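Have a look at the structure below before the remarks.
The values are calculated or read from the model by the stated rules, or taken from the named source; none is laboratory data. Keep in mind it's a predicted model, so treat the numbers as computed, not measured. Here the Cβ positions follow ideal geometry from the backbone for every residue, glycine too, while neighbour counts run over all protein chains shown. Ligands, DNA and RNA are excluded from the accessible area calculation, which covers all protein heavy atoms including side chains. Shrake-Rupley method; radii C 1.70, N 1.55, O 1.52, S 1.80 Å.
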Amino acid sequence: MQRPNAAQLAYGSATVVLATVALLLLSRTTSTLGITVISLAGLLLGLLVAVRMPVRTAAVKTPEPTPPPSGNEEIRVPTARVGAGADTRTGS
């Protein structure tokens with residue numbers, strides 16, 4: 001079995017939450033057994049939505065890696081900037 005992608009996780013989780021809340025509000029149950037059954041039904045419905053969702057079959061395009069620099073290229077290192085005239089001031 002393949003790992004679920006982000007869309008499957010998102011749709012499945014949203015289905016679990018929304019279905020469970022809707023069923024709890026519609027049934028108006030307060031018993032522990034009723035809440036447990038409704039929670040399991042929401043979980044199963046979310047799992048069904050996540051599993052039945054179509055998966056991407058095309059591969060994702062990734063950029064080609066850049067080749068490492070050859071030994072003849074010079075490495076440029078930035079130098080520190082000095083403020084204009086900061087070291088030429090003289091006190092009087």
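Pairs needed: first member in the stretch 16-30, closer than 22 Å to V51 by Cβ; second member anywhere, in a helix (DSSP H, G or I) and open to solvent by 60 Å² or more (accessible area, probe 1.4 Å); C-beta distance under 6 Å; at least 6 residues apart or different chains.
That search, which allows pairs on different chains as well, returns V16/L43; A19/L45.
Working only within the stretch 30-51, note down all residues that are surrounded by 15 or more Cβ atoms within 10 Å (Cβ to Cβ) and not aliphatic (A, V, I, L, M).
Pass one, the stretch 30-51, residues surrounded by 15 or more Cβ atoms within 10 Å (Cβ to Cβ): 35, 38-39, 42-43, 45-46, 49-50.
Across the stretch 30-51, the qualifying residues are S39, G42, G46.
Would you check which residues across the stretch 13-29 are exposed (fewer than 15 other Cβ atoms within 10 Å of the Cβ) and of a type outside the set (V, I, T) and list them?
Matches in the stretch 13-29: S13, A14, L18, A22, L25, L26, S27, R28.
Being outside any helix (DSSP H, G or I) and of a type in the set (A, V, I, L, M) is the filter here, so list the residues in the stretch 1-30 that pass it.
Passing the criteria: only M1.
Going by the conditions given, is L18 modelled with pLDDT of 85 or more and out of contact with any helix residue (DSSP H, G or I) (no Cβ under 6 Å at 6 or more places or on another chain)? Give the derivation first.
Details: modelled with pLDDT of 85 or more: yes; out of contact with any helix residue (DSSP H, G or I) (no Cβ under 6 Å at 6 or more places or on another chain): yes.
In short, yes.
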